[in-house]
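Below: one structure, written as structure tokens.
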């Protein structure tokens, strides 16, 4: 089976032979196409009134290296390059999408309620840091109970290592990880194991090095708007239709040509777009009306605004689902509350959750967002969020850590290195045995010892500026001021190497113990909870009993109940939930059949409607 996505951008092989080259460059009147290396052939391109420059070259085939030469002599890669083997400043390469033979013709994806997500960074997931090496580890994830992998951004970035959020060639998988065909092989193998593949896509900015669009395509950016990372992309100004099409095609490209199962859109709150529909909604519709017609496809958002309107809703009279922009959103609220609860940390954005972490955690478990219109002290009193209790709980991808919360720490510590060793397993139980879609950050499942540090490999001047910024950010910390701790340099190869997982840890000591705990919880989820999540609608209810929380959720055919104690001592006199036990630890039945919950104790019960009526 062959797959390709047709688009007006980039280099496309022609049916009769040769290649059509196309570049939208309204900022220049003429362009020269350079073919081959080291001594390229130079061919003038034809320009039209809309800013497009095109040329068909009958003898240019797959593997041909090419770039575009601007009138001032600047030579640039193709922004829609499918492959840039020599990094972002080098020549692009013509790719034949039909060269790869797929074996997953029967794959129709998986419904979202079955999702158990595993976020991974290809470069540090294995010692080799390649698509092929990641593929070899997929069976272990499937055996664990993972049903979806989420790849951190793959768009070609400058240098040898990067988190991926500095990509500048959105269609080209970074060559340090392997070839486009090796990425396709990873996806093909994942589908053979029943794993969905999601891709983290960055549509709110381009990275600071290697973005040449300013030189020949000023309409790609809106100078009136800024993002935390630089110029805003022009989604709603003059000539924005072509810009919007570029990103819509990119979204479709990953799902059609690479047969991925969905996207996670990075920081949509930082996308400036006053259009109707806005670009996020237009992408969602394109996915739903395109590949979504024949298989399950999913769109997950990162949205600090906690905007429930972007997630699934139901008709109030019929409970029938209405078309929705996205399947789910990353739930930072649940993470922040849980982090404060199990670590006691209250700096930065954790300050919003420090006054009542147990209540915020319980509300997030029950209703999705913790902030649903309340003022955020961290944001200077700004009202944050909208009501979310009407949403299905599968609208929330929830986690105890992600690349952000680990990697943005000075030393990249993981939560098991910071948390109360009794409360952390309780938090995992609350997460994995809730109706939320749970997500792991790579290595969570075995309490990996490797940190996940901030690393990038920019050109020297930019690298020096990044290092200086990091030193300023953390310079006020006493340990760094005194020299007791040294801040890792983002550009040091050792920083990147230290972040690689050590897979042999899974068989030893506390790592093996954590892995067994996670395996047990995921097995319970798969057998007892997941089959009852199809069609789950509306949030649950929560109450607090001293230092214990109680949450009840409606699920298919009944209710799912959770009791958990996050206090330092026991909580006694608790009325037991109705139903039969699914999971219990640290629970003592008292006289009169009330319960005593020990420090870190968790009880999960399943109540069937038939039992309740009886």
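The values are calculated or read from the model by the stated rules, or taken from the named source; none is laboratory data. A quick note: this is a predicted structure, and the numbers were derived from the prediction, not measured. Quick reminder, even Gly has a Cβ in these numbers, built from the backbone with ideal geometry, and neighbours come from all protein chains shown.
Here are the numbers for this structure:
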| item | result |
| --- | --- |
| Answer from 476, 467, 482 - the residue that is farther than 21 Å from residue 120 by Cβ, modelled with pLDDT under 95 and crowded, with 17+ Cβ neighbours inside 10 Å | 467 |
| Among the residues listed as 86, 78, the single one being crowded, with 20+ Cβ neighbours inside 10 Å, assigned to a loop (DSSP other than H, G, I, E, B) and either within 29 Å of the chain's Cα centre (by Cα) or assigned by TED's automatic domain parsing to the domain that holds residue 186 (or both) | 78 |
| Within region 171-265, strands (runs of 3 or more DSSP E) holding 3 or more residues that are under 24 Å from residue 2 (Cα atoms) | 196-201 |
| Matching entry among 175, 155 (being under 17 Å from residue 129 (Cα atoms) and surrounded by fewer than 22 Cβ atoms within 10 Å (Cβ to Cβ)) | 175 |
| Region 19-49: number of residues that are surrounded by fewer than 17 Cβ atoms within 10 Å (Cβ to Cβ), in contact (Cβ under 8 Å) with a residue 40 or more places away in the chain and within 38 Å of the chain's Cα centre (by Cα) | 2 |
| Per-region count, region 562-576, residues surrounded by 18 or more Cβ atoms within 10 Å (Cβ to Cβ) and either outside any loop (DSSP other than H, G, I, E, B) or not assigned by TED's automatic domain parsing to the domain that holds residue 542 (or both) | 6 |
| Number of positions in region 1-53 that are part of a loop (DSSP other than H, G, I, E, B) and more than 18 Å from residue 216 (Cα to Cα) | 17 |
| Test: residue in region 504-514 that is within 30 Å of residue 122 (Cα to Cα) and assigned to a loop (DSSP other than H, G, I, E, B) | yes |
| Total residues in region 284-315, condition without any contact (Cβ under 8 Å) to a residue 60 or more places away in the chain, over 21 Å from residue 228 (Cα atoms) and in contact with a strand residue (DSSP E or B) (Cβ under 7 Å, 6 or more places away or on another chain) | 4 |
| Of all residues in region 266-283 being in contact (Cβ under 8 Å) with a residue 12 or more places away in the chain and assigned to a loop (DSSP other than H, G, I, E, B), the one that is nearest to residue 120 (Cα to Cα) | 266 |
| Any hit, region 473-484, residues being outside any helix (DSSP H, G or I) and in contact with a helix residue (DSSP H, G or I) (Cβ under 9 Å, 6 or more places away or on another chain) | yes |
| When residues of region 352-406 are limited to those that are under 20 Å from residue 560 (Cβ atoms) and in a strand (DSSP E or B), the one nearest to the chain's Cα centre (by Cα) | 397 |
| Boolean, residue 489 is assigned to a loop (DSSP other than H, G, I, E, B) and not assigned by TED's automatic domain parsing to the domain that holds residue 550 | yes |
| Selected residue (criterion: nearest to the chain's Cα centre (by Cα)) from residues of region 122-159 that are closer than 25 Å to residue 490 by Cα and part of a helix (DSSP H, G or I) | 122 |
| The one condition in (1) in a loop (DSSP other than H, G, I, E, B); (2) surrounded by fewer than 23 Cβ atoms within 10 Å (Cβ to Cβ); (3) modelled with pLDDT of 95 or more that residue 416 fails to fulfil | (1) |
| Failed item, numbered, when residue 59 is tested on (1) touching a residue at least 40 places away in the same chain (Cβ under 8 Å); (2) surrounded by 16 or more Cβ atoms within 10 Å (Cβ to Cβ) | (2) |
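Yes/no per residue for (1) in contact with a helix residue (DSSP H, G or I) (Cβ under 7 Å, 6 or more places away or on another chain); (2) assigned to a loop (DSSP other than H, G, I, E, B):
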{"site": "517", "(1), (2)": "yes, no"}
{"site": "523", "(1), (2)": "no, no"}
{"site": "535", "(1), (2)": "no, yes"}
{"site": "549", "(1), (2)": "yes, no"}
{"site": "578", "(1), (2)": "yes, yes"}
{"site": "585", "(1), (2)": "no, no"}
